[in-house]
Amino acid sequence: MNIVLGITGSIAAYKACTLIRQFVKQGHEVQVVITPAGKEFITPITLSALTSKPVISDFFSQRDGTWHSHVSLGLWADAMVIAPATASTIGKMANGIADNMLITTYLSMKAPVFVAPAMDLDMWAHAATQSNLELLRKRGVTIIEPASGELASHLVGKGRMEEPERIAEIVLAALSAKKDLAGKRILITAGPTYERIDPVRFIGNYSSGKMGFALAEECAARGAEVQLVCGPVQRTTSTEGIHLTHVESAQQMWEAASSLFPTMDAAILCAAVADFTPATVADQKIKREGDDLVLRLKPTQDIARGLGEMKRDGQHLIGFALETNDEVANAQKKLQKKHFDFIVLNSLQDEGAGFQFDTNKITIVTPDRQIPYPLKSKTEVARDIIDQLTLL
């Protein structure tokens with residue numbers, strides 16, 4: 001694979017050496033395009049030694065009429081990775097300001113583009129930066145979000161460029177993604193539901209939606225059209241092929257899911273849906289009166305069971321179970337009762353699994369066996385689940 005690596009004027013430029021080694025070690029060719037400011041942080045000699053190619057920085061390298069063709073680079077590359085990407089470069093990309101070789105190469109790029117920002121926390125949080133990033137996402141650029149930690153300013157916060165090993169993993173996984181779901185339509189539910197008590201209070205849970213969004217991204221990367229029905233979470237997506245529907249309550253999630261399911265090839269029910277909802281919802285905020293507040297609850301619509309009863313031949317239905325005891329036995333009962341093809345079992349007994357975590361540890365339970373997996377990132381867990389789906 002041919003990779004154009006763009007390097008800009010950030011203290012994180014030294015990490016580009018490790019990123020190059022990651023790509024080269026796996027047999028890929030790397031051509032570095034560096035901005036003038038980037039050369040203040042790392043020398044072209046170092047980069048050239050690692051890539052075995054001359055580093056490109058200027059349009060004209062000599063005064064003999066030869067020049068570097070950004071168009072040719074755009075046609076040569078299988079991917080462009082800009083790491084680190086400063087706020088300035090991100091702004092130029094978003095607004096088409098082609099005043100250096102790196103930006104003109106980006107504007108000529110035919111291949112997928114990945115951007116790993118690196119900047120101070122205030123610059124990262126600024127509305128202008130976030131607006132530019134959102135515009136790039138809408139244009140199909142993959143943003144590899146920075147991590148939190150100590151920055152060059154010695155402040156602590158979000159803005160550290162993601163580690164090179166992780167950048168390489170994300171890029172290579174995206175480029176080698178299977179397209180085995182091309183033409184398929186998949187419904188995914190994600191996040192919690194909020195069941196209102198009064199205008200300011202609700203019954204809810206700790207689901208962050210991370211697992212559901214990871215599943216949606218994996219399905220889209222493999223060619224599927226995804227309908228993602230999501231409860232209240234602090235997450236969004238602009239990935240092509242993912243259509244996001246926001247809901248609040250279990251009833252709203254049922255209405256959205258049941259209307260979409262008949263035209264789907266499969267549904268993955270990852271949402272943590274409330275089992276009960278208040279029988280009545282107060283019109284005004286309930287005031288403190290006495291020592292007790294007694295709420296009468298009624299069951300919510302069982303979305304999994306309802307879709308299981310709707311399931312037609314050729315459709316697949318995947319469920320999730322979060323258990324605290326008798327995990328496999330409870331999952332097997334749920335599998336049969338709700339007509340699942342298989343169920344993804346989580347246990348709160350496993351450290352690093354469950355709500356809020358970036359990792360998960362699952363067991364896939366089918367009608368005739370259990371398949372345990374070690375603790376992994378939710379991105380990797382999503383890949384395991386979809387691999388199992390494609391076997392059905």
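Can you tell me the orientation of helix 164-175 relative to the chain, as the angle in degrees between its alpha-carbon axis and the longest Cα principal axis, to the nearest 10?
The angle comes out at about 70 degrees.
What whole-number distance in Å separates the alpha-carbon centres of region 203-227 and region 1-56?
For region 203-227 versus region 1-56, the Cα centre distance is 34 Å.
For a quick check: with amide H placed at 1.01 Å from N, whose amide H comes under 5 Å from ALA266's, ignoring anything fewer than 5 positions away on the same chain?
ARG185, LEU187, HIS316
Take LEU107 and ARG139, extend 7 Å from each Cα along the Cα→Cβ direction, and tell me the distance between the two endpoints in nm.
Label-label distance for LEU107 and ARG139, simple model: 1.0 nm.
Give, rounded to the nearest 20 debye, the magnitude of the charge dipole that region 136-191 has about its Cα centre when Lys and Arg contribute +1 at Cβ and Asp and Glu contribute -1 at Cβ. Numbers along the way, then the final one.
Working: 10 positive and 7 negative charges, 111 e Å.
In debye, rounded to 20, region 136-191 gives about 540.
Measure off, as a whole percent, the carbon and sulfur share of the 1.4 Å-probe accessible area of the chain, all protein chains present.
Details: 9710 of 19430 Å².
In the chain, the share of accessible area belonging to carbon and sulfur is 50 percent.
Report the gain in length on full extension from ASP292 to ASN325: 0.36 nm times residue separation, minus Cα-Cα distance, nm rounded to one decimal.
Details: separation 33, 0.36 × 33 = 11.88 nm, distance 3.07 nm.
Gain on stretching ASP292 to ASN325: 8.8 nm.
Rounded, prolate or oblate: which fits region 156-260, taking a ≥ b ≥ c as square roots of the Cα gyration tensor eigenvalues, rounded meaning a/c under 1.5, else prolate when a/b beats b/c? Mind showing how you got there, number by number?
On the way: a/c = 3.52, a/b = 1.37, b/c = 2.56.
It comes out oblate by the Cα gyration axes.
Pick from ALA111, ALA257, ALA221: which is most flexible by mean-square fluctuation in a GNM of the chain where alpha carbon atoms under 10 Å apart are linked?
Largest GNM mean-square fluctuation: ALA111.
Collect residues whose amide H, placed 1.01 Å from N in the peptide plane, falls under 5 Å from the amide H of SER249; neighbours closer than 5 in sequence don't count.
Excluding prolines and chain starts, which carry no amide H, the hits are TYR194.
Tell me the net charge near THR35. Cut-off is 14 Å between Cβ atoms, THR35 excluded, with +1 for each Lys or Arg and -1 for each Asp or Glu.
Working: positive: LYS39, LYS92; negative: GLU40, ASP58, ASP99.
With Lys, Arg at +1 and Asp, Glu at -1, the net is -1.
Taking 7 Å along the Cα-to-C-beta vector as the label spot, tell me the THR366-ASP265 distance in nanometres, rounded to one decimal.
Distance between the two pseudo-spin positions: 1.9 nm.
Probe 1.4 Å, all protein chains in place: accessible area of LEU73 in Å², nearest 10?
About 20 Å², ignoring ligands and nucleic acids.
If R0 is 30 Å, what FRET efficiency do you get for THR43 and GLU163 from their C-beta distance, rounded to 0.05?
Details: r = 22 Å, r/R0 = 0.74.
Result of the calculation: an efficiency of 0.85.
Full extension from ALA128 to GLN388: what is 0.36 nm times the residue separation minus their Cα-Cα distance, to one decimal in nm?
Values: separation 260, 0.36 × 260 = 93.60 nm, distance 4.17 nm.
That works out to 89.4 nm of additional length.
What is the distance in Å between the Cα centroid of region 269-339 and that of region 104-147?
39 Å
Of ARG196, ARG139, ARG296, which has the largest mean-square fluctuation in a 10 Å C-alpha GNM of the chain?
Per the Cα network of the chain with a 10 Å cutoff, ARG296 tops the list.
Go through (1) 146; (2) 162; (3) 174 and flag the label whose value is the computed volume of the Cα convex hull per residue in Å³ for this structure.
Evaluating volume of the Cα convex hull per residue in Å³ on these atoms matches (3).
Connecting C-alpha atoms closer than 10 Å in a GNM of the chain, tell me which of ASN325, ASN360, ASN100 has the biggest fluctuation.
Top of the fluctuation ranking is ASN325.
Placing unit charges on C-beta atoms (Lys and Arg positive, Asp and Glu negative, everything else neutral), compute the dipole magnitude of region 49-178 about its Cα centre in debye, rounded to 20. Please list the in-between numbers first.
Numbers: 11 positive and 13 negative charges, 87 e Å.
Computed about the Cα centre, the dipole is about 420 debye.
Between their Cα atoms, which of LYS333/LYS361; LYS25/LYS92; LYS138/LYS378; LYS298/LYS337; LYS285/LYS378; LYS334/LYS378 are more than 28 Å away from each other? All intermediate terms of the calculation are to be shown ahead of the outcome.
Values: LYS333/LYS361 20 Å; LYS25/LYS92 32 Å; LYS138/LYS378 24 Å; LYS298/LYS337 21 Å; LYS285/LYS378 38 Å; LYS334/LYS378 23 Å.
In this structure, LYS25/LYS92; LYS285/LYS378 lie more than 28 Å apart at Cα.
With a cut-off of at most 15 other beta carbons within 10 Å, and DSSP calling the residue loop, which GluC sites (Glu not before Pro) in region 237-315 qualify? Please list them. Could the numbers behind the result be given before it?
Details: sites: GLU240, GLU248, GLU255, GLU289, GLU309; in loops: GLU240, GLU248, GLU289.
Filter output for region 237-315: GLU240, GLU289.
At a 1.4 Å probe radius, which order do THR189, THR363 fall into by accessible area, largest first?
Correct descending sequence by accessible area is THR363, THR189.
Taking chymotrypsin sites (Phe, Trp or Tyr not before Pro) as exposed when DSSP calls them loop (any state but H, G, I, E, B) and at most 14 other Cβ atoms lie within 10 Å, what is the longest stretch of the chain free of them, the sites themselves excluded? Before the final figure, lay out each step's value.
Values: sites that count: PHE59, PHE60, TRP67, TYR206.
The reported range is 207-392.
For ILE3, which sequence-distant residues (separation of 5 or more, or a different chain) have an amide H within less than 5 Å of its own amide H, given hydrogens modelled in the peptide plane?
GLU29, VAL30, GLN31, ASP78
The values are calculated or read from the model by the stated rules, or taken from the named source; none is laboratory data. Keep in mind that what you see is a predicted model, and the values were worked out from it rather than measured. Don't worry about glycine lacking a Cβ; one is built from the backbone with ideal geometry, like all the others, and counts go over all protein chains shown. Only protein heavy atoms, including side chains, enter the accessible area calculation; ligands, DNA and RNA are left aside. Shrake-Rupley method; radii C 1.70, N 1.55, O 1.52, S 1.80 Å.
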